[in-house]
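Peer 1: My questions will all concern the structure given below.
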Amino acid sequence: MNSTQYLATNLLIETLTLNLDTYDPGPKRIDTFILAQLETLMEKIQQFISDCTLVPLDEDAQSRGKIMLYFYQQPNVVRCRFCQKCLNEYGAAIEHIKMHERQKKPDEKESNAKITSFIKKNCIPKSSDKMTKSMRKFLSKNPTTLVEGLIAECNYVQNDIDNERVLKNLEGCLKLHYPSVKCYPFGSRIVGTGSLSSDIDMFVDLENGYLGRSANTVPEELKETVEKVVTILKSTNDWSIDDIILSARVPLLRVISVIHDNIHCDLTFSNGLAHRNSLLLQYMFKLQPTARQLVCYLKNWNRESCLNSYTLSLMVIFLYQCHKLLPSVAKLQEDPSNDMIIDGWNAGFATPTLEELNMKLWQSSVPGLAYMFFEFYSFEGRYFSMETQVVCPFLGDVRVLKSSFDSPNYDKVPAQMERLKRYMVDHQADTDTKRPFIYNKPFVVQDPFEHSHNVAKAIPVEIATRLMRSFELSLQSIANQKESKNLEN
């Protein structure tokens, strides 16, 4: 191997050096596990050096130094192998592991719980847990400075030139087999809420399937498509296969761009709905930039990643809609000329300005935004209840009840949701658990286009209880900080 091909090794060594530099000089206490790791590393380094032949540096030291400056791995952050969440504390990492373990096998207490309905008041048990150390530490930070840094990172990631390069490279690899292929990026990197560790999500439209695949398409055909793409990418030196997930509601292929800094990509092949979702979020955040700031803040507040980025974004948009600061999706779909029907759902929308909507630009401090969010979604919220109501960006107000979808013949489903009503009638006897509208859950956060999709359906009651408690404790903390500042003044 040429000496210039050790980029990943160079970066790892640089990262380890920076990490060790963060410790204060002088005596240190380490446990046997860390000692064993260091001894193994030193042995491997000695073996590596003994196998090497020294050659001259191919380029000047200044160029190599620039590489170390421009490309890096964060020295004090680790990433979860399962969900890519970034963490930097042992305590937070252990709590995160527990969260994954709870999701893998249902908690016995939950399985034995008497609560089978999550439609009525008090369906989410209340907790008296104290605030965790990691949450207390997060809330003690200067929120304005924190969000300024987060927005800077999000902007960098959103405008990263590698986003487009990765997309074009993928299209190039597939074009010989699928001449009309087109890739559509979506997700947090694209809408401006992503971090340096965020994957690039892409809908890969192989054969003009943006508006949906044929109604006669069976799962086996999609599986064959994914497997063919895997074979194509394996035949190149540009991509490696990370994971193939065919059992998900939307089948997923996880790949790594070897030639573009090992960026991870999640590829889907069903339709363009996710891309349309991201375009909607981009539009909403452009109307109200503080909404994006709030999402970035909440993503970091959400220490256990119980709520994913998309769910948080919809909750923030719904909050703004209920305060008459953003339009409902139904409002944006009033003109049928904007319709775009994808697999039976209308994913089209107009893009009027705030002035045209007769709405004001909302300016608020970060603590003010966070307070508004926690107050709205807490147990004591005056306008909304997570227990009985639906987070519904489509209608953008609090009138949608979970019980509306539990009515005979679905006659209480809001009239504006005629597509959903027809869908529920058509699929009421469906045995495929991925298809029905899952509304009997602690949290119901409805997709703005695909109304049958509860994006928060995977949150179990135990996690919902902890989240509601976190809303309450965070609300109290922000209120106390505000009171302290008032007293100082």
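The values are calculated or read from the model by the stated rules, or taken from the named source; none is laboratory data. Computed from a predicted structure; not experimentally measured. For neighbour counting, all protein chains shown are included, and Cβ atoms are generated from backbone atoms with ideal geometry for every residue, glycine included. What goes into the accessible areas is simple: the full protein's heavy atoms, side chains included, and nothing from ligands, DNA or RNA. Shrake-Rupley method; radii C 1.70, N 1.55, O 1.52, S 1.80 Å.
Peer 1: Starting from region 396-415, keep only residues that are farther than 17 Å from residue 428 by Cβ, then list their pairs with residues that are assigned to a helix (DSSP H, G or I) and of a type outside the set (S, T, N, Q) whose Cβ atoms are within a distance under 8 Å, requiring at least 6 positions of separation or different chains.
Peer 2: Listed by first residue and then by second, the contacts come to 396/318; 396/322; 396/329; 396/330; 396/331; 397/322; 398/322.
Peer 1: I'd like the full set of residues that are open to solvent by 50 Å² or more (accessible area, probe 1.4 Å) and aliphatic (A, V, I, L, M), limited to region 331-354.
Peer 2: Within region 331-354, 340, 341 meet the criteria.
Peer 1: Here is a further query. Among the listed residues 361, 357, which satisfies the condition of being open to solvent by less than 40 Å² (accessible area, probe 1.4 Å) and either under 21 Å from residue 292 (Cβ atoms) or out of contact with any helix residue (DSSP H, G or I) (no Cβ under 6 Å at 6 or more places or on another chain) (or both)?
Peer 2: Values: 361 fails: open to solvent by less than 40 Å² (accessible area, probe 1.4 Å).
Step by step, each of 361, 357 is checked, and only 357 is open to solvent by less than 40 Å² (accessible area, probe 1.4 Å) and either under 21 Å from residue 292 (Cβ atoms) or out of contact with any helix residue (DSSP H, G or I) (no Cβ under 6 Å at 6 or more places or on another chain) (or both).
Peer 1: For region 239-254, give me the residue count where each residue is touching a strand residue (DSSP E or B) at 6+ places or on another chain (Cβ under 8 Å) and touching a residue at least 60 places away in the same chain (Cβ under 8 Å).
Peer 2: Qualifying residue count, region 239-254: 1.
Peer 1: On to the next question. So for region 294-306 (the condition being buried (at least 23 other Cβ atoms within 10 Å of the Cβ) and of a type in the set (Phe, Trp, Tyr)), does at least one residue qualify?
Peer 2: Scanning region 294-306 turns up at least one residue that is buried (at least 23 other Cβ atoms within 10 Å of the Cβ) and of a type in the set (Phe, Trp, Tyr).
Peer 1: Could you list, in sequence order, all residues of region 406-462 that are open to solvent by 10 Å² or more (accessible area, probe 1.4 Å), within 19 Å of residue 317 (Cβ to Cβ) and among the charged types (D, E, K, R)?
Peer 2: 450, 457
Peer 1: Go over the candidates 119, 115 one by one and state the one that is at pLDDT below 95, exposed (fewer than 15 other Cβ atoms within 10 Å of the Cβ), of a type in the set (A, V, I, L, M, F, W, C) and not in a helix (DSSP H, G or I).
Peer 2: From the options 119, 115, the qualifying one is 115.
Peer 1: I've got another one for you. If residue 290 meets every condition in (1) touching a residue at least 60 places away in the same chain (Cβ under 8 Å); (2) open to solvent by 10 Å² or more (accessible area, probe 1.4 Å); (3) under 22 Å from the mean Cα position of the chain (by Cα) apart from one, which number is that one?
Peer 2: For residue 290, the exception is condition (2).
Peer 1: Taking only region 364-381 into account, find how many residues are touching a Phe, Trp or Tyr at 6+ places or on another chain (Cβ under 7 Å) and in a loop (DSSP other than H, G, I, E, B).
Peer 2: Looking only at that region, the number is 1.
Peer 1: Something else now. Does residue 441 satisfy being free of Cβ contacts under 8 Å to residues at least 40 places away in the same chain and not small (Gly, Ala, Ser)?
Peer 2: Judged against the criteria, residue 441 is not a match.
Peer 1: Any chance you could count how many residues in region 322-359 are under 25 Å from the mean Cα position of the chain (by Cα) and hydroxyl-bearing (Ser, Thr, Tyr)?
Peer 2: Of the residues in region 322-359, 2 are under 25 Å from the mean Cα position of the chain (by Cα) and hydroxyl-bearing (Ser, Thr, Tyr).
Peer 1: Got a sec? Which of 236, 268 is in contact with a strand residue (DSSP E or B) (Cβ under 6 Å, 6 or more places away or on another chain) and hydroxyl-bearing (Ser, Thr, Tyr)?
Peer 2: 268
Peer 1: In addition: Condition (residue is of a type in the set (Val, Ile, Thr), touching a residue at least 24 places away in the same chain (Cβ under 8 Å) and assigned to a loop (DSSP other than H, G, I, E, B)) applied to region 325-348: is it met by at least one residue?
Peer 2: Among the residues of region 325-348, not one is of a type in the set (Val, Ile, Thr), touching a residue at least 24 places away in the same chain (Cβ under 8 Å) and assigned to a loop (DSSP other than H, G, I, E, B), which makes the answer no.
Peer 1: Any chance region 456-463 includes a residue that's closer than 23 Å to residue 410 by Cα and within 18 Å of the chain's Cα centre (by Cα)?
Peer 2: Yes, because at least one residue in region 456-463 is closer than 23 Å to residue 410 by Cα and within 18 Å of the chain's Cα centre (by Cα).
Yes/no per residue for (1) of a type in the set (S, T, N, Q); (2) touching a strand residue (DSSP E or B) at 6+ places or on another chain (Cβ under 8 Å); (3) modelled with pLDDT of 75 or more:
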site: 19; (1), (2), (3): yes, no, no
site: 28; (1), (2), (3): no, no, yes
site: 32; (1), (2), (3): yes, no, yes
site: 37; (1), (2), (3): yes, no, yes
site: 40; (1), (2), (3): yes, no, yes
site: 46; (1), (2), (3): yes, no, yes
site: 51; (1), (2), (3): no, no, yes
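Peer 1: A follow-up question, please. Under the condition of being out of contact with any Phe, Trp or Tyr (no Cβ under 8 Å at 6 or more places or on another chain) and under 12 Å from residue 170 (Cα atoms), which residue from region 241-262 is most open to solvent (accessible area, probe 1.4 Å)?
Peer 2: Step by step, filter region 241-262, then rank; the result is 259.
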